[in-house]
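For reference, the structure discussed in these notes is given below.
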């Protein structure tokens, strides 16, 4: 019996080491460079991507990634169409390849790219088309602050501007540190609503606003709730839980036409007498967050999202939002 027990303990130890090794290998997405290739990495879709040479004609299919590339000193040969002004003046002269959800594949191929960078969950379906033309494709995600830090580093390696990328990272972190250093000792409770013309849901800690709230040490009363199937960032809305949570402030992230969104909110929220009884509503602590900082990924402007929410929650410390 003692021999069998010893054998079992040994086997379990070996298995735990193997599992730990597998877990670390799947979580690591580090890049490598060698005499055989310029860069090799595992993208966020789990695909092995090899760049034989430094890319000279990069087509970026997401505005957020375009800003990161230019933020580290890189350049693009093609960019997504956008209704908002370009962050960097040089981006204005880049040929457009269609909006992020409606990429013009023929236009992309016309630009003869040697690297295409797409957003996970949006451009995955385009991989076979581009790979059939022997064009390397990176599918990446970027939602949380950690995601952004990793992408700044990666884009610096792609562009060969690692030093500039490190300076950008240091500047972003310094801006966030400046805000968090002034945080009051007493934290506040918030609920983050995501409102569209179709429905109202509640954002969790993995959303942009949820991640910013965590950095500011705000307590998201929805944290830990079961997410909606297929969406790790939101959970169903429940007025009963809002009443129970008794948040100090209600933050609203919107997407779409404001007139239609306000109509939906009146139908789902304001028509219920309990809404008017919420402490945040009675004290006027209901705030609509700007889409460019909290709905669209702010990318290298993430520190601006942190500063904005800090002003909303603690105007006596950081000043009022302009």
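Using the rule -39500 (n - 2.57) for each DSSP H run of four or more residues, divided by the residues of the chain, the 222 nm mean residue ellipticity is -12000 deg cm²/dmol. Only Cα pairs under 8 Å and 6+ residues apart enter the sum, and on that basis the relative contact order of the chain stands at 14 percent. Residue order for 101, 70, fewest other beta carbons within 10 angstrom first, comes to 101, 70.
With N set to the number of residues, divide the alpha-carbon radius of gyration of the chain by 2.2 N^0.38 Å and report two decimals.
Working: Rg = 22.9 Å, N = 322, 2.2 N^0.38 = 19.7 Å.
Rounded to two decimals, the normalised Rg is 1.16.
Evaluate the Debye formula for region 33-177 with equal point scatterers sitting on the alpha carbons, no solvent, and hand back log10 of I(q)/I(0) at q = 0.09, 0.14, 0.15, 0.20 Å⁻¹, in q order, two decimals. Relative scattering, expressed as log10 I(q)/I(0), comes to -0.25, -0.63, -0.73, -1.34.
Taking every DSSP beta bridge that has both ends in the chain, the antiparallel portion is near 35%.
The tail of the calculated P(r) for region 197-275, taken as Cα-Cα distances beyond 21 Å, holds 29 percent of the pairs. One chain, two ends: residue 57 and residue 93. Fully extended at 0.36 nm per residue, the span grows by 11.5 nm beyond their Cα-Cα distance. Please compute the modelled spin-label separation between residue 105 and residue 231, points set 7 Å along Cα→Cβ, answer in nm with one decimal. Label at residue 231, label at residue 105, 2.8 nm between them. The base-10 log of I(q)/I(0) for region 92-197, evaluated at q = 0.16, 0.20 Å⁻¹, reads -0.95, -1.16 [Debye formula, identical scatterers on Cα atoms, solvent excluded]. Histogrammed with a bin width of 10 Å, the alpha carbon distances of region 146-209 distribute as 17, 29, 29, 22, 3 percent, first bin at zero. Protection proxy ranking, highest mean first, for peptides 269-276, 138-145: 138-145, 269-276, where packing is the per-residue count of other beta-carbon atoms within 10 Å, averaged.
Quick note: the coordinates plus some simple rules give every number you see, no bench work behind them. Computed from a predicted structure; not experimentally measured. Virtual Cβ from ideal backbone geometry, glycine too; neighbours counted across all protein chains shown.
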